[in-house]
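Just so it is clear, none of the values below were taken in a lab; they were calculated from the coordinates. If you're wondering where the values come from, they're calculated on a predicted model, not measured in any experiment. Heads up, the Cβs are rebuilt from the backbone with ideal geometry, glycines too, and the neighbour counts pull from every protein chain shown.
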Amino acid sequence: MTKILHKKFIVFIVLMIVFVFMLNTNISFARKISFGLHDGLIGTLLEGEDDNQENDYPPENNDPENDDKPEDNDEEEIPPTDEENNNDTTNKEQIIENGAYTIVCAGNEKYVFDVSGPSTDNGAKLHIWQKTDAPNQKFYITYEGDGYYKIASVNSAKVIDVEVASTESLANIQQYENNDTDAQRFKIIKNDDETYTFIAKCSGMAIDIANGVYENGNAIRQYEVNETDAQKFKLEKTELINDKVNNGIISIKSAANPTMQLDVINCSPEEGNKLHLWKKAPTLAQRFEMHRVGENEVRIRTAASGGWLKESNNNVVQSGNSKTKATNSDTWKVEWDNGIILINKESGMALTIDGDMNANGTAIKVKERSNVDAQRLLINTEYIVPDGYFTIQSKYGTMLNMKDYNQGTPLQTANATGTARQVFEFHITESGYKISSPASGWILDVQSGSKLNAATVQMEIDAGTMSQRWTVELLDGGYIGIKNVNSGMMLNVHLANKEPGAVVNQGKQDNGDPQQWKLTPATFDEFSRAWGDYATDKAYLATVIDRADRVGSDTDWFIAIDVRAFRLTLLNRVNGKWYVDACFNATMGYLGSNGLSHTGLGDQNGKTETNWTVTRKIPNRSGDLWFVSYIDYTRPDGSDYSQGIHNHYELAGQSYSSHGCPRLTDANAKYLYDTVAIGSRVHIWQ
């Protein structure tokens with residue numbers, strides 16, 4: 001007993017000495033001191049001086065009734081400050097290896113982080129989308145060395161960012177150019193279930209899927225940390241680029257100025273043709289086909305020739321064709337440094353924009369690797385043919401051509417005319433391209449959905465069938481093949497006929513000359529199909545379109561008669577929009593005392609315009625004289641004053657005073673007779 005008391009006395013003396021020492025040294029500790037007797041040993045817990053210190057002998061509480069009661073001398077626990085957190089070595093540990101990742105939603109692994117668009121612009125929002133492996137779903141994660149990471153979009157090289165550095169819930173997550181602010185730094189926390197949570201440094205909030213809803217386009221935002229699945233993600237390591245999307249079709253842009261792209265000079269298929277920088281354009285000169293040949297190693301084929309990008313005497317040129325075997329000089333290693341870096345496997349030098357990254361014509365070279373924007377690129381997924389208007393030329397030099405604008409018109413070849421009948425619109429859909437005539441609204445279609453060789457290709461109403469959907473394949477020499485989705489056959493010049501007027505049908509794929517086509521960007525607007533005496537007077541024709549918009553027509557045709565200017569304009573409505581079809585000279589019968597025709601206005605009580613309706617077409621009444629034709633129209637009250645449109649000859653055997661009827665040349669009168677539908681509006685003004 002005496003020995004036990006002696007030990008307690010020694011313990012008491014030691015504690016008193018420690019207590020006096022602390023007072024004398026003015027050291028302040030945010031800690032608890034507790035002790036227990038374990039075979040004469042003292043267990044001491046010191047908190048605050050070293051957050052990582054472990055205690056072999058934690059204090060005991062031998063009073064079960066006081067388990068949940070604070071001790072009288074306990075100090076209130078103070079949460080660590082940001083500065084203390086930054087000094088905590090556990091928070092500085094790198095838990096994610098630098099590299100490219102797909103960020104997968106733990107709540108539904110079909111969905112991943114995705115930059116909308118896919119845009120390369122500042123402020124483009126992040127949302128979730130079903131996984132496609134496209135570059136806008138790849139993110140390069142870089143450890144910053146202080147417990148935080150930067151996350152960059154591989155598609156844009158821009159950094160994931162909390163919009164306006166907000167500290168509020170529901171703020172959007174976007175991409176923005178690197179500015180080294182806390183809005184672009186995230187702590188990545190590994191959860192017990194092997195998922196990760198991203199905490200924004202600027203707000204302390206977690207990246208969150210809006211309302212925990214998993215559907216394409218749902219927003220990604222920040223929200224208070226709540227440990228729900230909406231704030232948990234999986235990281236899947238991925239290659240920087242691949243050839244899985246859109247058959248590997250890409251564009252290559254300047255990361256510093258994504259409006260400028262690598263471009264094959266003049267889109268020439270010539271062997272050894274060089275590359276330069278050029279403003280974004282819808283041409284094959286700016287389309288490339290990527291082939292993966294190893295881990296982060298690729299070959300890049302040009303659409304302009306079908307050859308491969310190759311280093312030659314410090315230039316980047318196209319060489320060979322689809323059958324050319326790989327060499328080190330046409331193989332490129334892919335690295336990341338705030339953008340894609342392409343390193344030539346043979347020379348070890350980087351593809352470099354050699355000059356002004358804003359100037360058309362800047363040369364593309366290979367140079368020693370250096371930390372410059374001129375070597376930072378974007379490789380973006382594209383389609384061979386973007387949405388837009390094109391002419392389609394056969395390998396024989398003839399053009400794909402509509403014989404007329406009627407439904408069911410078979411396609412043929414023709415010499416280049418520059419008319420709207422040779423302009424086609426390509427539009428990308430989920431099931432393939434829809435190729436249409438903007439002048440008529442009809443769609444490129446295989447007759448009756450046939451899968452037979454040599455089946456007719458025609459223009460038809462859009463029924464949304466697979467026989468009206470097409471894919472495009474890159475061929476050698478700057479040509480493409482156009483394949484029908486339903487039949488798997490190719491758009492084909494029948495019997496390899498090189499002459500204008502050849503039938504165009506579908507044929508079994510062999511990629512021969514009859515199946516090779518070249519696209520040239522074209523323009524098309526409401527005046528593009530116009531022909532006739534005043535087809536180029538766009539200012540005047542625009543006023544006629546305004547009248548048609550105001551007045552309307554029960555059919556898709558509208559006849560406008562300008563009494564003062566002696567003009568007749570024909571408009572056609574396609575997909576709800578009026579297009580000028582033709583604009584002719586027209587005489588207007590006898591003249592009144594004011595020198596103007598009385599066409600349609602003679603008895604209208606001083607009105608300056610009136611509207612009539614086409615009620616009938618009077619056929620040829622004079623034997624073989626096809627030009628004798630007559631379109632009759634009635635007044636709004638239903639009365640018929642024999643007003644009409646006819647050619648400049650009188651009807652056989654009759655004498656017409658014409659009473660102001662518009663009279664056209666023989667050819668123009670026949671065209672109007674053949675084209676305009678009964679019920680069309682005739683709008684007359686002076």
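Choose one of Thr167, Gly217, Ala134: the residue whose Cα lies farthest towards the positive end of the charge dipole of the range 117-230 (beta-carbon charges +1 Lys, Arg; -1 Asp, Glu; about the Cα centre).
Ala134
Going by amide H atoms built from the backbone, whose H comes under 5 Å of the H on Tyr101, apart from near neighbours?
Excluding prolines and chain starts, which carry no amide H, the hits are Phe139, Tyr140, Ile141, Thr238.
Could you list the GluC sites (Glu not before Pro) in the range 187-262 that lie in coil according to DSSP, counting only those with at most 10 other Cβ atoms within 10 Å of their Cβ? Numbers along the way, then the final one.
Numbers: sites: Glu194, Glu215, Glu224, Glu227, Glu236, Glu239; in loops: Glu194, Glu215, Glu224, Glu227, Glu239.
Here the sparse-neighbourhood loop sites are Glu194, Glu227.
Which GluC sites (Glu not before Pro) from the range 421-501 combine a DSSP loop assignment with at most 15 other Cβ atoms within 10 Å? Kindly include the intermediate steps, with their values, before the conclusion.
Values: sites: Glu425, Glu430, Glu460, Glu473; in loops: Glu430.
Passing sites in the range 421-501 are Glu430.
Shape of the range 103-241 from its Cα gyration tensor (a ≥ b ≥ c, root eigenvalues): rounded if a/c is under 1.5, otherwise prolate when a/b > b/c, or oblate?
Here the range 103-241 falls in the rounded category.
If you keep only loop residues by DSSP, which trypsin sites (Lys or Arg not before Pro) in the range 175-268 have at most 15 other Cβ atoms within 10 Å of their Cβ?
On the way: sites: Arg185, Lys187, Lys190, Lys201, Arg221, Lys232, Lys234, Lys237, Lys244, Lys253; in loops: Arg185, Lys201, Lys232, Lys244.
The qualifying sites are Lys244.
Just check the range 388-513 against the gyration tensor rule for me: Cα atoms, a ≥ b ≥ c as the square roots of the eigenvalues, rounded for a/c under 1.5, and otherwise prolate or oblate depending on whether a/b exceeds b/c. Working shown, then result.
Working: a/c = 1.27, a/b = 1.05, b/c = 1.22.
Note, shape of the range 388-513 comes out rounded.
Rounded to the nearest Å, what's the spacing between the alpha carbon centres of the range 115-141 and the range 513-529? Just the number, please.
Centre-to-centre distance over Cα atoms comes out at 32 Å.
Using alpha carbon centroids, what distance separates the range 455-508 and the range 319-389, in Å?
The range 455-508 and the range 319-389 have Cα centres separated by 33 Å.
When a/c reaches 1.5 or more, the comparison of a/b and b/c decides; with that in mind, is the range 289-333 rounded, prolate or oblate per its Cα gyration tensor? Provide the component values of the computation, followed by the final result.
Details: a/c = 1.71, a/b = 1.15, b/c = 1.49.
Here the range 289-333 falls in the oblate category.
Treating only the Cβ of Lys, Arg, Asp and Glu as charged (+1, +1, -1, -1), what charge dipole size does the range 196-298 show about its Cα centre? Round to the nearest 20 debye. Intermediate results must be reported in sequence, preceding the final value.
Working: 12 positive and 14 negative charges, 69 e Å.
Roughly 340 debye, rounded to the nearest 20.
Subtracting the Cα-Cα distance from 0.36 nm times the residue separation, let me have the gained length for Gln447 to Gln94 in nm, one decimal. Provide the component values of the computation, followed by the final result.
Working: separation 353, 0.36 × 353 = 127.08 nm, distance 6.24 nm.
Contour length minus Cα-Cα distance gives 120.8 nm.
Given the options Pro282, Gly248, Pro258, identify the residue whose Cα lies farthest towards the positive end of the charge dipole of the range 236-291 (+1 on Cβ of Lys, Arg; -1 on Cβ of Asp, Glu).
The Cα lying farthest towards the positive end belongs to Pro258.
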